[in-house]
Amino acid sequence: MTEHVTLDKGGTPPSAPRRGALLGAMFLMATSAIGPGFITQTTVFTAQLGAAMAFAILVSVLVDIAIQLNVWRVIGVAGRRAQDLGNSVLPGAGYALAALDVFGGIIFNIGNIAGTALGLNALLGLDVKIGGTISALIAIGIFLSKRAGVAMDRIVVALGFLMIVMTLYVAIVSSPPIGDALVQTVAPEEVRFLVITTLIGGTVGGYITYAGAHRMIESGLTGPENVKGITRSSITGILVTALMRALLFLAVLGVVAGGAKLAAENPAPSAFEHAAGEAGLRIFGLIMWSAAITSVIGASYTSVSFLVSFHSWIERNRNWLVVAFIALSTVLYLSLGTTPVDLLILAGALNGLILPFGLGLLMWIAARRRDLLGGYRYPAWLLVLGAAAWVLTLYLGWNSLTGIADLWN
């Protein structure tokens with residue numbers, strides 16, 4: 001973004017600009033996670049597991065918090081982006097992390113553009129190519145504005161609140177069995193590890209891991225003296241995502257618990273339509289569009305943020321590069337009509353590698369490189385949590401490699 005927050009004497013950023021950028025950072029992380037895939041996954045898994053899905057959500061949220069606590073803590077205290085820290089630990093590691101993120105970001109951004117098209121189709125009946133183009137132009141307009149950072153922050157916060165309010169309404173209308181869901185949050189009738197790991201990957205995988213932390217750097221909330229604020233912000237961002245997941249789960253649970261059968265080819269809009277009729281379908285369109293457009297913004301901003309520190313020209317022209325990133329994604333969406341399955345598999349596999357690779361570098365800094373943290377002594381309990389989460393991400397990464405193997409088969 002073109003505007004930067006400067007620190008007052010004593011290391012405290014100006015209150016109003018900092019609060020706005022920091023709130024934007026929290027919602028950028030949350031809304032980046034809440035994309036078309038997020039909505040589809042939650043709907044499908046809830047239809048399969050019923051109230052037992054509550055346990056999977058709880059476990060995934062706890063793991064997400066452990067990961068984001070460490071990512072935000074290391075990046076925030078160091079005051080440097082992930083790729084810069086990676087190159088400081090292992091020459092070339094930051095470039096590799098950036099390459100993985102940018103490639104995966106482009107491919108999944110095609111899916112995000114497709115999500116905006118589906119949203120406007122359900123909301124207004126627009127042709128999917130027209131809807132995708134209009135949505136891309138809206139996203140481009142945000143980054144062409146003179147105060148792009150402020151515009152981005154306000155848009156993701158406003159749409160984040162809108163998604164939550166609309167989903168809450170549908171959750172109330174669908175009358176889910178809340179008591180059963182609460183019981184199965186801690187005593188589930190069925191546990192599927194694959195569902196849990198899929199939810200984790202969809203919430204903190206790929207570029208999403210760094211979306212909020214990179215934006216936080218520009219808020220001015222960096223350095224050891226701001227550890228409390230960094231911690232609070234990282235947890236809040238994940239809890240916003242968790243709230244949206246829980247509300248969406250309850251909305252769908254009310255539908256399936258009532259005996260309704262969701263359309264196999266398009267379960268998410270089917271669930272909303274069962275819950276609230278024609279109005280539910282329109283609400284779904286608004287939620288889907290909001291989720292997808294904020295993911296377009298998050299993917300584009302974060303992917304370019306992995307490049308800005310490599311050359312001063314990139315930093316000076318970062319908004320134009322974000323615009324180019326969105327334009328390229330849109331052109332590919334319009335020309336391909338849909339995202340090729342092979343590319344999605346490959347991008348998903350590479351995104352699955354970003355989490356263990358990047359988190360491993362950051363945990364090494366936490367454990368062994370106090371010099372990069374300004375002498376800050378990393379808490380042992382947080383280091384243990386991060387290490388345990390990293391082991392789980394290795395499993396996720398290993399599973400993602402099967403996607404690449406499938407391509408060769």
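Have a look at ASN226, ASN109, ASN319 and tell me which one the Gaussian network model of the chain (Cα, springs below 10 Å) gives the largest fluctuation.
Among ASN226, ASN109, ASN319, the largest mean-square fluctuation in the Gaussian network model of the chain belongs to ASN226.
Per the Debye formula with a single identical scatterer at each Cα and no solvent contribution, what log10 I(q)/I(0) holds for the chain at q = 0.08, 0.09 Å⁻¹?
Here the Debye-derived log intensity ratios amount to -0.39, -0.50.
Sticking with the crude label model, points 7 Å out along Cα→Cβ, report the distance from TRP381 to ALA367 in nm, one decimal please.
2.0 nm
All other residues with a Cβ under 11 Å from the Cβ of PHE55 taken together, and with Lys, Arg as +1 and Asp, Glu as -1, what is their net charge?
-1
If you split all Cα-Cα distances of region 233-378 into 10 Å bins from zero, what percentages do you get per bin, shortest first?
9, 22, 32, 24, 11, 3
Rounded to whole Hz and in sequence order, give me ³J(HN,Hα) for region 297-312 from the Karplus expression 6.51 cos²θ - 1.76 cosθ + 1.60, θ = phi - 60°, writing x for Gly and Pro.
4, x, 5, 5, 4, 5, 4, 5, 4, 7, 10, 4, 8, 7, 7, 5
Using θ = phi - 60° and the Karplus relation 6.51 cos²θ - 1.76 cosθ + 1.60, list the HN-Hα couplings for region 364-381 in order, rounded to whole Hz, with x at every Gly or Pro.
Once θ is set to phi - 60°, the couplings for region 364-381 become 5, 5, 4, 8, 10, 10, 4, 4, 7, 9, x, x, 5, 8, 6, x, 4, 5 Hz.
Name the trypsin sites (Lys or Arg not before Pro) in region 102-147 that are in a loop by DSSP and that have at most 13 other C-beta atoms within 10 Å, would you?
Those that pass, being in a loop and sparsely packed, are LYS146, ARG147.
Can you give the three extents of the C-alpha atoms in region 282-328 along their principal axes, from longest to shortest, in whole Å?
Cα spread of region 282-328 along its principal axes, largest to smallest: 45, 16, 13 Å.
Out of all Cα-Cα pairs in region 262-342, roughly what percent, to the nearest whole number, are more than 22 Å apart?
Values: 1543 of 3240 pairs.
Summing the P(r) tail past 22 Å for region 262-342 gives 48 percent.
Using only Cα atoms, figure out Rg for region 59-116 and give it as a multiple of 2.2 N^0.38 Å.
With N residues counted in region 59-116, Rg over 2.2 N^0.38 Å equals 1.40.
So with the 1.4 Å probe, I'd like the accessible area per residue for region 254-318, rounded to whole Å².
Accessible area per residue: 36 Å².
When the gyration tensor of region 44-202 is built from Cα positions, what are the square roots of 5 times its three eigenvalues, in whole Å, from largest to smallest?
31, 27, 16
Rounded to the nearest 20 debye, what is the charge dipole size of the chain about its Cα centre when +1 sits on each Lys and Arg Cβ and -1 on each Asp and Glu Cβ? Could the numbers behind the result be given before it?
Working: 23 positive and 19 negative charges, 243 e Å.
Dipole size: approximately 1160 debye.
Which log10 I(q)/I(0) values, to two decimals, does region 212-282 give at q = 0.17, 0.23, 0.26 Å⁻¹ under the Debye formula with one point per Cα?
-0.68, -0.95, -1.12
Just check region 136-179 against the gyration tensor rule for me: Cα atoms, a ≥ b ≥ c as the square roots of the eigenvalues, rounded for a/c under 1.5, and otherwise prolate or oblate depending on whether a/b exceeds b/c.
In terms of gyration-tensor shape, prolate.
What part of the accessible area of the chain, given as a whole %, is carbon or sulfur when the probe is 1.4 angstrom?
68 percent
Can you give me the three principal axis dimensions of region 126-265 from its C-alpha atoms, in Å, biggest first?
Principal extents (Cα only, largest first): 51, 47, 27 Å.
LEU401 to ALA279: FRET efficiency via 1/(1 + (r/R0)^6), r the Cβ-Cβ distance, R0 35 Å, to the nearest 0.05? Write down the numbers at each step before the final one.
On the way: r = 44 Å, r/R0 = 1.26.
Step by step, r from the Cβ atoms, then E = 0.20.
Suppose a student asked you for the relative contact order of the chain, using Cα pairs under 8 Å spaced at least 6 residues apart; what percent would you report?
34 percent
Which of SER88, SER174, SER305 ends up with the largest GNM mean-square fluctuation for the chain, with Cα atoms connected below 10 Å?
SER88
Report Rg/Rh for region 14-135, rounded to two decimals, where Rg is the Cα radius of gyration and Rh the Kirkwood radius.
1.04
Counting only GluC sites (Glu not before Pro) that sit in a DSSP loop (anything but H, G, I, E, B) with at most 16 other Cβ atoms within 10 Å, what is the longest stretch of the chain containing none of them?
Free of exposed loop sites, the longest segment is 4-188.
Roughly how many Å² is the accessible area per residue of region 64-113, as a whole number, for a 1.4 Å probe?
24 Å²
The values are calculated or read from the model by the stated rules, or taken from the named source; none is laboratory data. Computed from a prediction, not measured in an experiment: that's the story for all the values here. Reconstructed Cβ throughout: ideal geometry from the backbone, glycine too, with neighbour counts over all protein chains shown. Just so you know, the surface numbers come from the protein's heavy atoms only, side chains and all, with ligands and any DNA or RNA stripped out. Shrake-Rupley method; radii C 1.70, N 1.55, O 1.52, S 1.80 Å.
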